[in-house]
Protein chains: 2
Amino acid sequence: MSKQLTPEEKYELITRRLQEVLGGDIIKKVLEERDCKGYWGTATTGKPHIGYFVALTKIADFLHGGVEMSILLADLHAFLDNLKAPLSLVAHRVQYYKFLLLAIFKKTLHVPTSQIKFVVGTSYQLTEAYNMDNYRLCATITEHDAKKAGAEVVKQVGNPLLSGLLYPGLQALDEQYLGVDFQFGGVDQRKIFTLAEQYLPKLGYAKRAHLMNHMVPGLAGGKMSSSDPNSKIDFLDPPNVVRKKIKLAFCEEGNVEDNGLLSFVKAVLIPVGELRRELIARGEKCEDDGGEIELPKYVGGEGEGVVGDKNKEGVAVVFTIGRDEKYGGPVHYTSYAELEEEFKEKRVHPGDLKKAVADAIIELLEPIQKEYESNAEWKDVTAKAYPSETSGSGKDGAKKEEGKKKKVYVPPPPGVVPKSKGPKKDADSAIATAVASATAAATAVGVPAALEGAALMPEEGTTSETPTKGLPPAALGEEAVDAIKDGVERVKIEE
Amino acid sequence: MSKQLTPEEKYELITRRLQEVLGGDIIKKVLEERDCKGYWGTATTGKPHIGYFVALTKIADFLHGGVEMSILLADLHAFLDNLKAPLSLVAHRVQYYKFLLLAIFKKTLHVPTSQIKFVVGTSYQLTEAYNMDNYRLCATITEHDAKKAGAEVVKQVGNPLLSGLLYPGLQALDEQYLGVDFQFGGVDQRKIFTLAEQYLPKLGYAKRAHLMNHMVPGLAGGKMSSSDPNSKIDFLDPPNVVRKKIKLAFCEEGNVEDNGLLSFVKAVLIPVGELRRELIARGEKCEDDGGEIELPKYVGGEGEGVVGDKNKEGVAVVFTIGRDEKYGGPVHYTSYAELEEEFKEKRVHPGDLKKAVADAIIELLEPIQKEYESNAEWKDVTAKAYPSETSGSGKDGAKKEEGKKKKVYVPPPPGVVPKSKGPKKDADSAIATAVASATAAATAVGVPAALEGAALMPEEGTTSETPTKGLPPAALGEEAVDAIKDGVERVKIEE
């Protein structure tokens, strides 16, 4: 597909919807001669949750724009994150991530995976050359600059580990060793990216471009960092679990500012819907998908009852609220702005939005779960990668307890925003935040740690300057307590 | 020889004259079963000066005590120290250090070099295993502990490099990778050593013992850090240069507190004299020395006119002042205490002490220089290792200037106290300190950077909280200016 696009069209695809582009000229210059090479990294720790859709949806744009995309499966960083799980366990997790990401790209995002290069961190991060460059960098970079670079993504605890100062530099080196033209991440990575731009040339290496996504708040709601193990939706969560968690989400009528569900619609559902409609409009097939895209019902689906008074003929529907016929039937949207306006004007009820988001997520997950069920190897790897999910929580709990004392600060993996360490919740807000949450935005919640496309793990006992905010009880779904219990059992993630 | 000693005698030899021993029990336990293994490191940067005698004289004790001694020639650290000299140049310097250290051990200290293992840093410090351990350590050690460990040996500048936090941990790992029972260094390394004791076990490695030498002030005098390129005596300096530099040394009559010359006598000349007399007493031959030790004239020599009223029969002379016959002839000492008392009581004139120290140093250097002159390979390596000494200072000066801006802080190599960065001298004290200086003691001069067995290089423009101290003009030798000029040309060290 990319062969048919002009360099300008590719650049537009590569950079659309981003919050910031540093070094756009670098990309433009490359595109005049060849397709671009990019890099995004994730530490292979806990099971990814649907917050990963935010980054992956943007990566779909890159792939459509002809980018050869290196996805760094940072096993070394995952290992260093904990130091208790042996590398052999991490190796299984690498396989799990690979199976999952491929399924998402192929089955839900319909993008050409032939342009994706999965690179395992230990394949080059322990080599002589890489380590010499690490030493060289450490003898060039100041403590101050290293600390400043990590300030936004590194949780500023009282007694941070030395590795926190090391990782920003390593993330810069990855650009060189992966041989890419740009690195992609959330905008909270900005200081790490500018450090790379500043220091790679000092080692005699080229300065790379940096593409930054907006930060997306968690489904749980804007002002809170979701730091509860029950507050995330796993890609393999069955429909009933998804519905229960979404029902728990904070979603106040007419409130479009502090609404994690709307944010998820904007950052994931609408873009996925648009991607699908673009493919359909071009009449393209996705090879990896095994055929043409079936028209979905909720995300990028076709529908008649377009909202509002505007004439929607010829404009593709990208999101649908499957409202019951007795309340007026389904409503179709061609843009996020339409939906936001409707919700603001209280013409869309929170209950309908919750149902719509749950419908949409279930629709996105369905082909992934189908793939999982039919793939014996993936299932086998999952059992090996996350044994505690089936073996009970006794041993795991003790391990976590032990780890907590030493693991004061968990450094971020390259290209990945670190795990969110939210405020310690009191009894009330614990219930409120024990809801389905995919992404937690640092910018929104005011804490330095943020999450975007990274596994969300709780750190009980950590504190934050950000006070927790009490939620109006009305915003809580009716099945809250049941869902919490259910979530505890089903969504337990070993780490 | 060590085979004939009991474990207790070996322990006594290994630990004598040290300021502090941490983990003596570890050594005692090993000695019950086998001989010990130790490690001392030096970064192969500038040409070593005679301050190295302090550490090497103690290493001679280790070797006599049966220790298998690993000498780490830290080429990687030397390279990282500067980042401008390529590793190929550093490789020549490694060879220079090896030739020199072997000559000192064989020809001047008469110790069995078969027990010495020279290990080049890059032979293991870039391996996968070592780097994995480095990462593990960085994910275990806190910033705070790393910083604290380097506080005494790392110059506390405003904008330190990240490497300064890395080196203490690497120095700990060296103990494991060199497979030793103890590490040896100056007492200013204490915090680095205790860090190793604290953190190696956390990686699953054994805690090692740590042996610490006293800090020895520079020949230039106690209260000043010698930071002038002309203020060091090279092992290859010819006798006339040695005499000129010693004449410039601050040496006040009766002052035994602030007297770099006396400190050198105590830390080097007397121990070397004692080592020699011990060998003679045992009737041993040093195989590497090619035969029996010729009785020296000044250091460990035999003489008749023993000082004082005490009956010296049967007590070995270890140091001799070769006073002219018209002033009473030579005076022989059997201990440092005797000499110090004589000087304190003003029965030894500064001029006589200066002459004696110069005589003694020339005597120590003579067999080393003879070896150098007869070793074409060593001479060849020297020209390649330090090309600027013959090629003029123009290019080198520019390089140094350029380096200064970036190299705000030079981290210490493993096992080696960093280069002394003394106070910026004013016009008066510049002359006073432009004297022969071998070692600069952090403890004595009150600045965190210290020198012991490491190359002394100036950093013009660096400042210190320690005020410079004006010297009485009377303490200056008459050939001061000539010697400075001479020194500038002859002792120029490229770095």
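The values are calculated or read from the model by the stated rules, or taken from the named source; none is laboratory data. Nothing here was measured: the structure is a model prediction, and the numbers come from that model. So basically every Cβ, Gly included, is an ideal-geometry build from the backbone, and we count neighbours across all protein chains shown. Surface accessibility is based on the protein's heavy atoms, side chains included, excluding ligands, DNA and RNA. Shrake-Rupley method; radii C 1.70, N 1.55, O 1.52, S 1.80 Å.
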Quick one: how many residues across the range B:102-128 are part of a helix (DSSP H, G or I), away from every other protein chain (no Cβ under 14 Å), surrounded by 22 or more Cβ atoms within 10 Å (Cβ to Cβ) and touching a strand residue (DSSP E or B) at 6+ places or on another chain (Cβ under 8 Å)?
-> 1
Please work out if A:VAL67 is in the same structural domain as A:GLY185 (by TED's automatic domain parsing), more than 17 Å from the chain's Cα centre (by Cα), within 20 Å of A:PRO271 (Cα to Cα) and among the hydrophobic types (A, V, I, L, M, F, W, C).
-> yes
If we keep only residues of the range A:34-45 that are part of a loop (DSSP other than H, G, I, E, B) and crowded, with 17+ Cβ neighbours inside 10 Å, then the residue modelled with the lowest pLDDT is A:THR45
Would you check which residues across the range A:115-142 are in contact (Cβ under 8 Å) with a residue 60 or more places away in the chain and hydroxyl-bearing (Ser, Thr, Tyr) and list them?
-> A:THR140
Only one of these is at pLDDT 95 or above and open to solvent by 10 Å² or more (accessible area, probe 1.4 Å): B:LYS84, B:LYS98. Name it.
-> B:LYS98
Could you grab the pairs with beta carbons closer than 8 Å, sequence gap of 6+ or different chains, first residue in the range B:157-173 and more than 7 Å from chain A (Cβ to nearest Cβ), second one part of a strand (DSSP E or B) and polar (S, T, N, Q)?
-> B:GLN171/B:GLN183
Quick check: anything in the range A:47-67 modelled with pLDDT of 95 or more, aromatic (Phe, Trp, Tyr) and either part of a helix (DSSP H, G or I) or open to solvent by 10 Å² or more (accessible area, probe 1.4 Å) (or both)?
-> yes
Among the residues of the range A:320-335, how many are in a strand (DSSP E or B) and among the aromatic types (Phe, Trp, Tyr)?
-> 1
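What are the residues in the range A:287-335 that are modelled with pLDDT under 65 and charged (D, E, K, R), if any?
In the first step, residues of the range A:287-335 are kept if they are modelled with pLDDT under 65; the result is A:287-295, A:302-314.
Residues satisfying the conditions are A:GLU287, A:ASP288, A:ASP289, A:GLU292, A:GLU294, A:GLU302, A:GLU304, A:ASP309, A:LYS310, A:LYS312, A:GLU313.
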For the range B:252-263, pairs from a residue that is within 10 Å of B:LYS344 (Cα to Cα) and open to solvent by less than 30 Å² (accessible area, probe 1.4 Å) to a residue that is of a type outside the set (Val, Ile, Thr) and assigned to a helix (DSSP H, G or I), with Cβ under 8 Å and 6 or more apart or across chains, are B:GLY254/B:PHE343; B:GLY254/B:LYS344; B:VAL256/B:LEU262; B:VAL256/B:GLU340; B:VAL256/B:PHE343; B:VAL256/B:LYS344
Report whether or not A:ASP145 is touching a residue at least 24 places away in the same chain (Cβ under 8 Å), among the acidic types (Asp, Glu), open to solvent by 10 Å² or more (accessible area, probe 1.4 Å) and within 11 Å of chain B (Cβ to nearest Cβ).
-> yes
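Residues checked against (1) modelled with pLDDT under 95; (2) open to solvent by 30 Å² or more (accessible area, probe 1.4 Å):
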{"site": "A:PRO201", "(1), (2)": "no, yes"}
{"site": "A:TYR205", "(1), (2)": "no, yes"}
{"site": "A:ALA209", "(1), (2)": "no, no"}
{"site": "A:MET212", "(1), (2)": "no, no"}
{"site": "A:ALA220", "(1), (2)": "yes, no"}
{"site": "A:MET224", "(1), (2)": "yes, no"}
{"site": "A:ASN230", "(1), (2)": "yes, no"}
{"site": "A:VAL242", "(1), (2)": "yes, no"}
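One line per residue, one yes/no per condition, for (1) part of a loop (DSSP other than H, G, I, E, B); (2) at pLDDT 95 or above; (3) outside the structural domain of A:ALA206 (by TED's automatic domain parsing):
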| position | (1), (2), (3) |
| --- | --- |
| A:LYS148 | no, no, no |
| A:VAL157 | yes, no, no |
| A:GLY164 | no, no, no |
| A:LYS191 | no, yes, no |
Selected residue (criterion: nearest to the other protein chains (Cβ to nearest Cβ)) from residues of the range A:76-89 that are within 19 Å of B:LEU137 (Cα to Cα) and not in a loop (DSSP other than H, G, I, E, B) | A:LEU80
For B:LEU31, state whether it is surrounded by 20 or more Cβ atoms within 10 Å (Cβ to Cβ), in contact with a Pro (Cβ under 8 Å, 6 or more places away or on another chain), in a helix (DSSP H, G or I) and not assigned by TED's automatic domain parsing to the domain that holds B:GLU363.
-> yes
If A:VAL153 passes every condition in (1) more than 14 Å from every other protein chain (Cβ to nearest Cβ); (2) outside any loop (DSSP other than H, G, I, E, B); (3) buried (at least 23 other Cβ atoms within 10 Å of the Cβ) but one, which one does it miss?
-> (2)
Just one of A:GLU363, A:GLU373, A:GLU338, A:GLU342 is out of contact with any Cys (no Cβ under 9 Å at 6 or more places or on another chain) and either at pLDDT 95 or above or more than 29 Å from A:GLU252 (Cβ to Cβ) (or both); which is it?
-> A:GLU373
